[in-house]
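For reference, the structure discussed in these notes is given below.
The values are calculated or read from the model by the stated rules, or taken from the named source; none is laboratory data. All figures in this text were calculated on a predicted structure; none of them were measured in a lab. Every residue, glycine as well, gets a Cβ built from its backbone with ideal geometry; the counts of neighbours run over all protein chains shown.
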Amino acid sequence: MYCPNCFSVLQPGVTRCSHCSFDTREYAHSTDALPLYTSLNDQYMIGRVLGQGGFGITYKALDTFKNRVVAIKEYMPSNYAQRTGCQVVPIPGDTKAARIFERGKISYIDEIKTLYQFENVQGIVQIFTHFQENNTAYLVMEYLDGCNLKAYVKSHGGRLDPALAGNYIVKAARALQQVHAGHILHRDISPENIYILFGGTEIKLIDFGAARKCVEDSEQENSVLLKPGFAPPEQYSKKGNQNTWTDVYALAATLYYIVSGKVPQDSLSRMQADQLQPLDQMGLPISASMAQAVRHALEIDYAKRTQTCTQFIDELVCGGWTERTIPQPPPNPPALPTCIVTCVAGTNVGQRVWFKPGETVSVGRLAACNALVPSTDMIISKRHCLITYNAQKQRFIVTDVSTNGTYMQNGKRLRYNQPEQIVPGSILYLAREHIIIQLVAT
């Protein structure tokens, strides 16, 4: 038996994983989802549900051939299909549902194939393969460790600093540039579909509108399929002139939301009475030029709107959304340190702490600890682990004092409050792979 979250081996009768603390007894999911440990394509073992929407279900899964964790999205339009065993079948007796389901599946597969061209594009989730089974289609993607932008904003007080928000949106726009160059639109940009990787510096675009489009092209009303506040008016009509400016509107609406904490007024209601409040009139640290860059991209008339991601990026930069700082040389380190703890992955990547044998370094989010962990990172304990160096034994001595654990590179969790000897050069994971540090002795 395996943990359906991290896929570590569970001993017989054990329900709580010793590595990630996931408890199978507390796991609950929709009856539409596949059962845990279902085998797909004789290669993938299904784990827990990562997310579920009106068009599909996304699972965490183990690729048993390559021994890697992946994400698998199953085509499952819940308004037109249901689960029978592992099979996905159209709603019985509904000929319209059967027609839409089959047409949608074909369109979904065709659009997946077009996305392979972006497998090496930075900022876009990587697609590994796809296949058909259980009367439906499956998309196998890289597993992203982090959270979507909506959840990230919520965890940071409901809105983001404008410079950070602008940085995320510019990165998303650059990824969209590559998509648009391939004559493809995303059609579903929103805070839910921009993923922030753990560490908080990189983003990935997810959930391209393949499943959404296949139902739009059927007889369903478009308005049911759109996210009010983020969709421009042309998306509400089958004959609407959708192009690069359509994604630009959604991207600008996302920026509006993450800096203000408010979903923009829906585009259809704006056509009747435009009451969208300018960002520079909300008491936020946003200038008139910054607000105008967003307002231009949120024009109701697409002909008057910012036309491309390239133009949108230029206007954001000129408006002052991204910081323009001259890189400063790093400070000189102290004279020939003996021991170094370096953050090699996480928000403070590159930060170092120097110390001498016999001294103790406390790693954690308390200000009194060090610069390796942000004080706002609640996944890391106030004091997460203690590190010292025994010059005689030429070993680091690490003591875990955390809630979420300190792990070796082989996945072993250090025993709580028990000093353990660690070889210099070793990698340690704080709270699994949330923050990674390396121990070096010179």
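crowded, with 19+ Cβ neighbours inside 10 Å, out of contact with any Ser or Thr (no Cβ under 7 Å at 6 or more places or on another chain) and part of a loop (DSSP other than H, G, I, E, B) - does that describe any residue in segment 149-171? The answer is yes; a qualifying residue exists.
Rundown of residues vs (1) within 30 Å of Tyr152 (Cα to Cα); (2) in a loop (DSSP other than H, G, I, E, B), yes/no style:
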residue: Gly358; (1), (2): no, yes
residue: Leu366; (1), (2): yes, yes
residue: Phe396; (1), (2): no, no
residue: Gln421; (1), (2): no, no
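The set of residues in segment 201-216 that are part of a loop (DSSP other than H, G, I, E, B) and at pLDDT below 80 comprises Phe208, Gly209. Of the numbered criteria (1) touching a Ser or Thr at 6+ places or on another chain (Cβ under 8 Å); (2) under 24 Å from Leu226 (Cβ atoms); (3) buried (at least 16 other Cβ atoms within 10 Å of the Cβ), the one Gly51 fails is (3).
Residues that are among the acidic types (Asp, Glu), more than 20 Å from Arg187 (Cβ to Cβ) and in the same structural domain as Ala163 (by TED's automatic domain parsing) do occur in segment 267-275, at least one of them. If you check every pair at least six apart or on different chains, which have Cβ atoms under 6 Å apart with a residue in segment 171-190 that is assigned by TED's automatic domain parsing to the domain that holds Val263 and closer than 14 Å to Val248 by Cβ first and a residue that is part of a helix (DSSP H, G or I) and acidic (Asp, Glu) second? Cβ pairs passing all conditions: Leu176/Asp247; Leu185/Asp247; His186/Asp247; Ile189/Asp247. Only one entry of Ala97, Ala61 meets the criterion of being among the hydrophobic types (A, V, I, L, M, F, W, C) and either out of contact with any strand residue (DSSP E or B) (no Cβ under 9 Å at 6 or more places or on another chain) or not in a strand (DSSP E or B) (or both), and that entry is Ala97.
Can you tell me which residues in segment 118-138 are over 26 Å from Glu102 (Cβ atoms) and either among the polar types (S, T, N, Q) or modelled with pLDDT of 95 or more (or both)? Those that are over 26 Å from Glu102 (Cβ atoms) and either among the polar types (S, T, N, Q) or modelled with pLDDT of 95 or more (or both): Asn120, Gln122, Gln126.
So which residues in segment 176-190 are out of contact with any Cys (no Cβ under 8 Å at 6 or more places or on another chain), in a helix (DSSP H, G or I) and buried (at least 22 other Cβ atoms within 10 Å of the Cβ), if there are any at all?
Once the filter is applied, which keeps residues that are out of contact with any Cys (no Cβ under 8 Å at 6 or more places or on another chain), in a helix (DSSP H, G or I) and buried (at least 22 other Cβ atoms within 10 Å of the Cβ), segment 176-190 yields only Val179.
Restricting segment 1-36 to residues that are exposed (fewer than 13 other Cβ atoms within 10 Å of the Cβ) and within 25 Å of Ser78 (Cα to Cα), the residue that is modelled with the highest pLDDT is Pro35. Cβ separations smaller than 8 Å between residues 6+ apart or across chains give the following pairs from segment 43-56 residues that are farther than 25 Å from Asp23 by Cβ to residues that are surrounded by fewer than 16 Cβ atoms within 10 Å (Cβ to Cβ) and hydroxyl-bearing (Ser, Thr, Tyr): Gln43/Thr64. Filtered by the rule that a residue be within 15 Å of the chain's Cα centre (by Cα) and closer than 23 Å to Ile380 by Cα, segment 157-207 gives Tyr195, Ile196, Leu197, Phe198, Gly199, Gly200, Thr201, Glu202, Ile203.
A Cβ distance below 7 Å, combined with a sequence gap of six or more or placement on separate chains, defines the contacts here; from segment 309-323, residues that are outside any loop (DSSP other than H, G, I, E, B) reach residues that are surrounded by fewer than 16 Cβ atoms within 10 Å (Cβ to Cβ) and of a type in the set (Ser, Thr, Tyr) in the pairs Gly319/Ser289.
Per-residue answers, yes or no, for (1) buried (at least 17 other Cβ atoms within 10 Å of the Cβ); (2) closer than 18 Å to Tyr44 by Cα:
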{"residue": "Ile72", "(1), (2)": "yes, yes"}
{"residue": "Ile112", "(1), (2)": "yes, no"}
{"residue": "Gln122", "(1), (2)": "no, no"}
{"residue": "Asn135", "(1), (2)": "no, yes"}
{"residue": "Met141", "(1), (2)": "yes, yes"}
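This table checks each residue for (1) touching a Ser or Thr at 6+ places or on another chain (Cβ under 6 Å); (2) surrounded by fewer than 18 Cβ atoms within 10 Å (Cβ to Cβ).
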position	(1), (2)
Leu366	no, yes
Val373	no, no
Ile379	no, yes
Lys382	no, yes
Tyr389	no, no
Asp400	yes, no
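Please go through segment 74-107 and pick out each residue that is among the hydroxyl-bearing types (Ser, Thr, Tyr) and either within 19 Å of Ile46 (Cβ to Cβ) or assigned by TED's automatic domain parsing to the domain that holds Thr201 (or both).
Within segment 74-107, Tyr75, Ser78, Thr84 qualify.
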